[in-house]
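The values are calculated or read from the model by the stated rules, or taken from the named source; none is laboratory data. Every value quoted in this text rests on a predicted model; they were computed, and no experiment measured them. Neighbour counts are summed over all protein chains in view; Cβ atoms, including those assigned to glycine, are modelled from backbone coordinates with ideal geometry.
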Amino acid sequence: MTVRPSVDFLLYAMHVAYWSTFGVTLMFQRSRPDAADPAPAAPAAQEAKTAPYSRAVLAVHMVAFGVMYFGIGNAVIPGLVPEWFAGQRIVGAVLIALGAALISWALVWFRSWRFRAKLDQGHQLATGGPFRYLRHPIYKGLNLLALGTAIWAPTPVLWIAFVLMVVGSDLRGRAEEKLLLQAFGQAYADYCKRTRRFVPGIY
């Protein structure tokens, strides 16, 4: 059932690289406040707003992360990664890398990112870059991280973590959409008509 357990410790390296990419991009984005905005004509929020239950929906993602890292430890450390198909580690690594790239791309365009579903005064509506194709590319990047991890180490715990991550992303996305609709009105409604939440042309 277990093959080359030492290779699976590279899954930790992939996660370190993923979060390092996220952190470096975020620091770079915040270090250039005077740089030209990618979308200078974008609508901006007139007042600060926070979505109801924003802490509760964030908690779903936190549980997903807890389950995911518990599952990685239970599979990788004792060398109990199931063999699902040839190349599963490569597929998992590619998905994790795509998630990191998507999040970094989104952060370059989304200068008002917050952990919670919250708008500060002056928050700009992001519609360029990956937001041209998806309403929530950052959450899609998290979903890809969880999916890649579950494919690399396909245990029941890690597939549960993936489901929790998707549910958390969907709940947070819907909460943010209500908030953005209140703040930006018809501009956001029109944006939603031409984009999907997570999968272009599908959902």
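Which of the residues spanning segment 144-201 are of a type in the set (Phe, Trp, Tyr) and in contact with a Leu (Cβ under 9 Å, 6 or more places away or on another chain)? Selection gives Trp152, Phe162, Phe184, Tyr188, Tyr191, Phe198. Here Glu177 fulfils each of the conditions (1) in a helix (DSSP H, G or I); (2) touching a residue at least 60 places away in the same chain (Cβ under 8 Å); (3) not hydroxyl-bearing (Ser, Thr, Tyr) apart from (2). The condition (being more than 14 Å from the chain's Cα centre (by Cα), farther than 22 Å from Leu171 by Cα, surrounded by fewer than 15 Cβ atoms within 10 Å (Cβ to Cβ) and modelled with pLDDT of 80 or more) is satisfied by just one residue among Gly23, Gly73, Gly66, Gly92: Gly73. Val157 satisfies every condition listed in (1) surrounded by 15 or more Cβ atoms within 10 Å (Cβ to Cβ); (2) modelled with pLDDT of 95 or more; (3) under 24 Å from Ser54 (Cα atoms); (4) aliphatic (A, V, I, L, M) except (3).
Restricted to segment 52-109, and to residues that are of a type in the set (Val, Ile, Thr) and assigned to a loop (DSSP other than H, G, I, E, B), which residue is farthest from Gly148 (Cα to Cα)? If we take residues in segment 52-109 being of a type in the set (Val, Ile, Thr) and assigned to a loop (DSSP other than H, G, I, E, B), then Ile77 is farthest from Gly148 (Cα to Cα). With respect to being on the phi < 0 side of the Ramachandran plot and not in a helix (DSSP H, G or I), Pro154 fits the description. Checking each residue in segment 162-203 for being within 15 Å of Leu58 (Cα to Cα) and of a type in the set (Ser, Thr, Tyr) picks out only Ser169.
Of the residues Ala189, Ala183, the single one that is small (Gly, Ala, Ser) and in contact (Cβ under 8 Å) with a residue 40 or more places away in the chain is Ala183.
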